[in-house]
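**Student:** Let me give you the structure first, and then I'll get to my questions.
The values are calculated or read from the model by the stated rules, or taken from the named source; none is laboratory data. These figures come from a predicted structure and were not determined experimentally. Neighbour counts are summed over all protein chains in view; Cβ atoms, including those assigned to glycine, are modelled from backbone coordinates with ideal geometry.
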Amino acid sequence: MATKSLQADIVVIGGGPAGINAALAAGRSGAKTILIERYGFLGGMSTAALVYPWMTFHTSDGKQVIGGTAQEIVERLMALNASPGHVRDTCGFVYSVTPYHPEVYKVLALDMLREANVKLLLHSIVDEVKVEGNRIQSVQLTSKSGRIDVQAQIFVDTSGDADVAFYSGAPCLQGREGDNLTQPMTMKFRMRGVDLQRVKQYIIDHPDEFYRKTPFAELPGLPLSAVQGFYKHWKEAKLPINRDQVLFFPGPNDDEVLVNMTRVQGLDGTNVEDLTLAEELGRKQVLMVAEFMTSSLPGFEKASISQVASQIGIRETRRIVGQYVLQAEDVVQGRRFEDVIARSGYPIDIHAPKGTGVEAVWVSGDGAYDIPYRCLLPQKINNLLVAGRCIATSHEALATTRLSPSCMATGQAAGAAAGLAVQLQQSPAEISVPRLQEILVSQGALLS
């Protein structure tokens, strides 16, 4: 039995990139808003799992397609000298990446939420959802101070794992068709003491050892933001990790890199025993990769591990079955929708559930695709919206919508929709989508 009860107009569950933007939009609408987060800090995968940098706010030809509160956060980080803003991707996979200082981001998010009058509950986990008919009445939290019952008119699931949707009985899917396998998990880590000038010179001198889309001719004049390659070194190392290349991202400090190379496959990110094993395997792989880098890669001779993620990074778990399910063809064809609430220019980027590779497919047309509002609306539950990694997509389409800027954009849309629903005393499915689009555009969202 709950020992305490709280009430709000809107409750957002999960304080990652989607949840922060959802709670900001909800709070700024004037609705009484509560944001619930299981960790003692905000940022989700961007901070707990060291997902860095943010990729990408642009199409492949440089048109910005994600703005709104996501762009506002970038600009406020820039004002704090905690981000250079959008910079060219020096491995050439996308047009731009956005480095940021995660510790400053944690505090900035807190400040912005307080400015929006959002009540924050950290160290709190939703483990039960009370449903009457087709409406959620409340979510139950386990917290350091006991059980808490949180009631609201509208709930926004930004948990990443569709926890609230799943517990409420809304239909959900997991993994790819056929075997339900998900993209692998990755334990990310940082290293300091890296000679990045030496790394850059090696890339310039040995272009055949790096990703074919690396902008080699421009590289001397660009700050190094991403490195993909060192194929010969990785092949010779013969480490028992199903990756086919070295991948790291410089920053936020001048001698620092974020390493994205471990790979834990075949485990379920919603199963606590699988997650326990994944944490163990991921941390052991970190030590192997770091030793390889210091012993084999030019520029890493004096480098050492400076930080390992608080938790393993999750690319894919559950997602809802929505009023519409975004498909791979929608992404690749750059499809437009009348109920667009966000756009993205990130390609389909599937890390193999089995094997070593990454499957990438780029967006045609103008280089961006629409995410329709219907993907945020689950079936069966009338007062629930979702945003971020658990919106309604196919396994293939999730491989682009899962990226942080896209999650920020769908989060803002879900929060704005929740605010409009509260204002009009309607369900999220009943609100005027053109009115929602007007609100989002007025907040800087880029929908055309």
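For (1) charged (D, E, K, R); (2) surrounded by fewer than 17 Cβ atoms within 10 Å (Cβ to Cβ); (3) at positive phi; (4) not assigned by TED's automatic domain parsing to the domain that holds residue 11, each residue gets a yes or a no:
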{"residue": "44", "(1), (2), (3), (4)": "no, no, yes, no"}
{"residue": "55", "(1), (2), (3), (4)": "no, no, no, no"}
{"residue": "63", "(1), (2), (3), (4)": "yes, yes, no, no"}
{"residue": "68", "(1), (2), (3), (4)": "no, no, yes, no"}
{"residue": "73", "(1), (2), (3), (4)": "no, no, no, no"}
{"residue": "104", "(1), (2), (3), (4)": "no, yes, no, no"}
{"residue": "120", "(1), (2), (3), (4)": "no, no, no, no"}
{"residue": "127", "(1), (2), (3), (4)": "yes, yes, no, no"}
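**Student:** Would you confirm whether or not the stretch 282-304 contains a residue that is acidic (Asp, Glu) and either under 18 Å from the mean Cα position of the chain (by Cα) or crowded, with 20+ Cβ neighbours inside 10 Å (or both)?
**Tutor:** So in the stretch 282-304, the residues acidic (Asp, Glu) come out as 291, 301.
Still in the list and also either under 18 Å from the mean Cα position of the chain (by Cα) or crowded, with 20+ Cβ neighbours inside 10 Å (or both): none.
Taking every residue of the stretch 282-304 in turn, none turns out to be acidic (Asp, Glu) and either under 18 Å from the mean Cα position of the chain (by Cα) or crowded, with 20+ Cβ neighbours inside 10 Å (or both).
**Student:** Just checking, how many residues over the stretch 324-360 are of a type in the set (Phe, Trp, Tyr) and at positive phi?
**Tutor:** 0
**Student:** Restricting to the stretch 360-374, name every residue that is part of a strand (DSSP E or B) and either hydrophobic (A, V, I, L, M, F, W, C) or free of Cβ contacts under 8 Å to residues at least 24 places away in the same chain (or both).
**Tutor:** Within the stretch 360-374, the subset part of a strand (DSSP E or B) is 360-361, 369-372.
Selection gives 360, 361, 371.
**Student:** With respect to residue 336, is the statement that it is of a type in the set (D, E, K, R), without any contact (Cβ under 8 Å) to a residue 40 or more places away in the chain and either in contact with a Cys (Cβ under 6 Å, 6 or more places away or on another chain) or not assigned by TED's automatic domain parsing to the domain that holds residue 241 (or both) true? If you could, list the steps in order and put the result at the bottom.
**Tutor:** On the way: of a type in the set (D, E, K, R): yes; without any contact (Cβ under 8 Å) to a residue 40 or more places away in the chain: yes; either in contact with a Cys (Cβ under 6 Å, 6 or more places away or on another chain) or not assigned by TED's automatic domain parsing to the domain that holds residue 241 (or both): yes.
So residue 336 fits the description; yes.
**Student:** Search the stretch 25-46 for residues that are more than 14 Å from residue 443 (Cβ to Cβ) and among the aromatic types (Phe, Trp, Tyr) and pair each with any residue that is crowded, with 20+ Cβ neighbours inside 10 Å and modelled with pLDDT of 95 or more when their beta-carbon atoms are under 7 Å apart and the residues are at least 6 apart or on different chains.
**Tutor:** Within 7 Å, the pairs are 39/48; 41/47.
Conditions (1) at pLDDT 95 or above; (2) crowded, with 21+ Cβ neighbours inside 10 Å; (3) aliphatic (A, V, I, L, M); (4) farther than 21 Å from residue 300 by Cβ, marked per residue:
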{"position": "190", "(1), (2), (3), (4)": "yes, yes, no, no"}
{"position": "195", "(1), (2), (3), (4)": "yes, no, no, no"}
{"position": "234", "(1), (2), (3), (4)": "yes, yes, no, no"}
{"position": "275", "(1), (2), (3), (4)": "yes, no, yes, yes"}
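**Student:** Among the residues of the stretch 78-106, which ones are over 18 Å from the mean Cα position of the chain (by Cα), within 23 Å of residue 307 (Cβ to Cβ) and aliphatic (A, V, I, L, M)?
**Tutor:** Scanning the stretch 78-106 gives 78, 80, 82, 87.
**Student:** Also: Output the number of the condition that residue 181 fails; it satisfies all remaining conditions of (1) under 26 Å from residue 286 (Cβ atoms); (2) under 22 Å from the mean Cα position of the chain (by Cα); (3) modelled with pLDDT of 95 or more.
**Tutor:** Tallying (1) under 26 Å from residue 286 (Cβ atoms); (2) under 22 Å from the mean Cα position of the chain (by Cα); (3) modelled with pLDDT of 95 or more, residue 181 fails exactly one: (3).
**Student:** Only one of 22, 31 is out of contact with any Phe, Trp or Tyr (no Cβ under 8 Å at 6 or more places or on another chain), closer than 18 Å to residue 341 by Cα and either of a type in the set (A, V, I, L, M, F, W, C) or modelled with pLDDT of 95 or more (or both). Can you tell me which?
**Tutor:** Numbers: 31 fails: closer than 18 Å to residue 341 by Cα.
Only one candidate qualifies: 22.
**Student:** Tally time: how many residues in the stretch 384-429 are part of a helix (DSSP H, G or I) and of a type in the set (Val, Ile, Thr)?
**Tutor:** Here the count works out to 4.
**Student:** While we're here: When you scan the stretch 77-177 for strands (runs of 3 or more DSSP E) that lie fully inside it, which ones turn up with 2 or more residues that are free of Cβ contacts under 8 Å to residues at least 24 places away in the same chain?
**Tutor:** Qualifying strands (runs of 3 or more DSSP E): 124-132, 135-143.
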